Amino acid sequence: MIPRYTRPDMAKIWEPENRFRIWLEIETLAAEAQAKLGVIPESAVSVIREKGNFDIERIDAIELETKHDVISFLTSVAEFVGEEARFIHQGMTSSDVLDTCLSVQLTQAADELINDLNMLIESIKDRAMKHKNTVCMGRSHGIHAEPITFGLKLAGWYAEMKRNLKRLKAARENIATGAISGAVGTFANIDPFVEEYVCEKMGLKPEPVSTQVIPRDRHAELFCTLALIASSMERIAIEIRHLQRTEVLEAEEQFTKGQKGSSAMPHKRNPILSENLTGQARYIRSMCIPALENVALWHERDISHSSVERYIGPDATVALDFSLRRLNGLVKNLVVYPENMMKNLNQMKGLVFSQKILLDLTQAGVSREQAYRMVQRNAMKVWEEGKDFQEELLKDNEVVKALGENKIREAFNLNYHLKHVDTIFKRVFSE
């Protein structure tokens, strides 16, 4: 995490204060459950709840000697609680605290990301509605294909982000599990009631089989979901970058007052936000592989997953949180140029209507192979000689004989391509 790409609300989730506060709550709730079972005295729980605290600097100092973070934490807590601290961590192992805490932090982070996605989805919807009928060029392979609307492009982004929201909610549910099952997960020294009690209070579900650690397929699912969201984000960013190219200029990022585009060229207005999002997506996706490799641990547990999770947990969620907020602002403030869209659409002098002519010829009784040759020979004159497609078709006796002049002219009606925009919008935006 670096400040440049970090929002404070997400950063707080991963700060030591929050982590140790969750550890303390887990230990205190476990003590409460143990008291309900009669394993420790009720009076001890009252003291633990009242006096329980920690000192981060002290924990760090103790860990220099013990080389064990949970023991160092418990030692610091004991210095606050006093004699009753002997009842803390009864029958528990370090993973009970670490894994349950990580689940809490990941669900907190997922909740932030869900909020980010909801905001982005609404922003995309607003722009889609505004540009529902803003005609632009549809492209395949980067080449003019057939007309669409800019609203349809945005509708695709909306639908994709809605799918991502569904995926993230599912991953959040699957990561929200806790484990208080003791060494190797057998509950030999702690009653399953303690796990159930702690999980209920922490907003988690008990892990059915924890083996001392929570299975890492749950974590891998979450990180892969974050990577998928990042890829969708990059798809939007790349589209905006293409649309902002000087030769296209159908849309561009907002260029604010006082903004500078280049240290050397004062005229530049670069798509820096979109390019930044492409880089962020690469970084977030890179955390998929270690998350997947964490799934395979030795026997009931090892700690080969631990060090990498200390990186990817904060970094993936912080980076995606920042990126989604940035993308939201980009979409909300995107500058759209409908006039340039129409100019680009007309650039190829009617070629974009070639399929309609092809289909009309087949409907008129011409074989598809012959119809294709008839249309293509006229289309190539546009590519190679700069001719007007409709004029060339009207000069082609074979085409005119098959269709007639009126039928040829009718094929160049733009509304033909837009007649089902309402249908698509109903599919996408009907709740």
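Could you pull out the GluC sites (Glu not before Pro) across the range 190-285 that fall in loop regions by DSSP (anything but H, G, I, E, B) with no more than 13 other Cβ atoms inside 10 Å?
247
Quick check for the range 254-393: number of Lys pairs with alpha-carbon distance under 23 Å, counting only pairs 8 or more apart or on different chains?
Total qualifying Lys-Lys pairs in the range 254-393 comes to 13.
Using the per-residue mean of other Cβ atoms lying within 10 Å as a proxy for protection, in what order, highest first, do the peptides 392-401, 354-363 fall?
354-363, 392-401
At 7 Å along the Cα-to-beta-carbon direction for both residue 372 and residue 418, put a label point, then send me their distance in nm to one decimal.
Calculated label separation equals 3.1 nm.
How many percent of the alpha carbon pairs in the range 349-415 exceed a separation of 14 Å?
50 percent
Select from 362, 328, 276 the residue farthest towards the positive end of the dipole of the chain; place +1 on Cβ of Lys and Arg, -1 on Cβ of Asp and Glu, and compute about the Cα centre.
Of 362, 328, 276, it is 362.
Once you treat every alpha carbon in the range 296-431 as an equal point and sum by Debye, what is log10 I(q)/I(0) at q = 0.11, 0.15 Å⁻¹?
Log10 of I(q)/I(0), two decimals: -0.65, -0.87.
Using a simple charge model, +1 on the beta-carbon of Lys and Arg, -1 on the beta-carbon of Asp and Glu, nothing else, what dipole does the range 1-48 show about its Cα centre, in debye to the nearest 20?
Using only the charged Cβ atoms, the result is roughly 300 debye.
Using modelled amide H (1.01 Å from N, peptide plane; none on Pro or chain starts), what sits under 5 Å from the amide H of residue 297, excluding residues fewer than 5 places away?
none
Sort 5, 416, 311 by accessible area with a 1.4 Å probe, largest first. Provide the component values of the computation, followed by the final result.
Details: 5 65, 416 85, 311 150 Å².
Largest accessible area first, the list is 311, 416, 5.
At a Cα cut-off below 20 Å, give the aspartates and glutamates reachable from residue 130, other chains included and same-chain residues fewer than 8 away excluded.
Leaving aside aspartates and glutamates fewer than 8 places away in the same chain, those within reach of residue 130 are 122, 160, 239, 250, 252, 253, 339, 422, 431.
Would you mind checking which residues have amide H under 5 Å from residue 254's amide H? H placed 1.01 Å from N; only 5 or more apart, or other chain.
335
If you line up the long axis of helix 192-202 against the longest principal axis of the chain, both from Cα atoms, how many degrees apart are they, to the nearest 10?
Tilt of helix 192-202: around 50 degrees.
Expressed as an acute angle from 0 to 90° and rounded to the nearest 10, what is the orientation of the C-alpha long axis of helix 272-285 relative to the principal long axis of the chain?
Approximately 50 degrees, to the nearest ten.
In Å², and per residue, what accessible area does the chain have when probed at 1.4 Å with the other protein chains present?
Accessible area per residue, the chain: 50 Å².
Cβ neighbours within 10 Å, averaged per peptide: list 372-385, 54-67 in order, most packed at the top.
Per-residue mean Cβ counts within 10 Å order the peptides as 372-385, 54-67.
Where nothing but the Cβ of Lys and Arg (+1) and of Asp and Glu (-1) is charged, how large is the charge dipole of the range 112-215 around its Cα centre, in debye to the nearest 20?
Dipole of the range 112-215, to the nearest 20 debye: 820 debye.
Take the alpha-carbon centre of the range 148-213, take the same for the range 29-96, and report the distance between them in whole Å.
Spelled out, the Cα-based centre of one part sits 26 Å from the other.
As I understand it, the value is the acute angle between the Cα axis of helix 42-51 and the longest principal axis of the Cα atoms of the chain; what does it come to in degrees, rounded to 10?
The answer is roughly 60 degrees.
Once both labels are modelled 7 Å past Cα along the beta-carbon direction, what's the residue 144-residue 114 spacing in nm?
With each label placed 7 Å out from Cα toward Cβ, I get 4.7 nm.
Counting only protein heavy atoms, what percent of the accessible surface of the range 1-131 is carbon or sulfur at a 1.4 Å probe?
Values: 3000 of 6040 Å².
Ligands and nucleic acids excluded, carbon and sulfur give 50 percent.
Run the 1.4 Å probe and let me know the accessible area of residue 83, rounded to the nearest 10 Å².
In the full protein context, residue 83 sits at about 140 Å².
For the range 125-274, just list the percent of Cα-Cα distances falling in each 5 Å bin from zero outward, please.
The percentages, shortest bin first, are 2, 8, 11, 13, 12, 9, 9, 7, 6, 6, 7, 5, 3, 1, 0.
Report the far tail of the P(r) of the range 1-131, meaning the percent of Cα-Cα pairs longer than 17 Å.
Distances greater than 17 Å cover 66 percent of the Cα pairs.
For the pair residue 429 and residue 262, what calculated FRET efficiency results from E = 1/(1 + (r/R0)^6), where r is the Cβ-Cβ distance and R0 = 45 Å, to the nearest 0.05?
0.70
Could you name the lysines whose alpha carbon sits less than 29 Å from that of residue 36, not counting residues in the same chain fewer than 8 places away?
The qualifying lysines are 51, 201, 205.
Quick check: at a probe of 1.4 Å, how many percent of the accessible area of the range 325-431 sits on carbon and sulfur atoms? Don't jump to the answer; show the numbers that get you there.
Working: 2920 of 6390 Å².
Here it works out to 46 percent.
Please give, to one decimal in nm, the separation of the simple spin-label points placed at residue 384 and residue 60, each 7 Å out from Cα toward the Cβ.
The answer from the label model is 7.4 nm.
The values are calculated or read from the model by the stated rules, or taken from the named source; none is laboratory data. Computed from a predicted structure; not experimentally measured. As a convention, Cβ positions derive from the backbone with ideal geometry for all residues, glycine included, and neighbour counts pool all protein chains shown. To get the accessible areas, we keep the full protein, side chains included, count just its heavy atoms, and leave off ligands, DNA and RNA. Shrake-Rupley method; radii C 1.70, N 1.55, O 1.52, S 1.80 Å.
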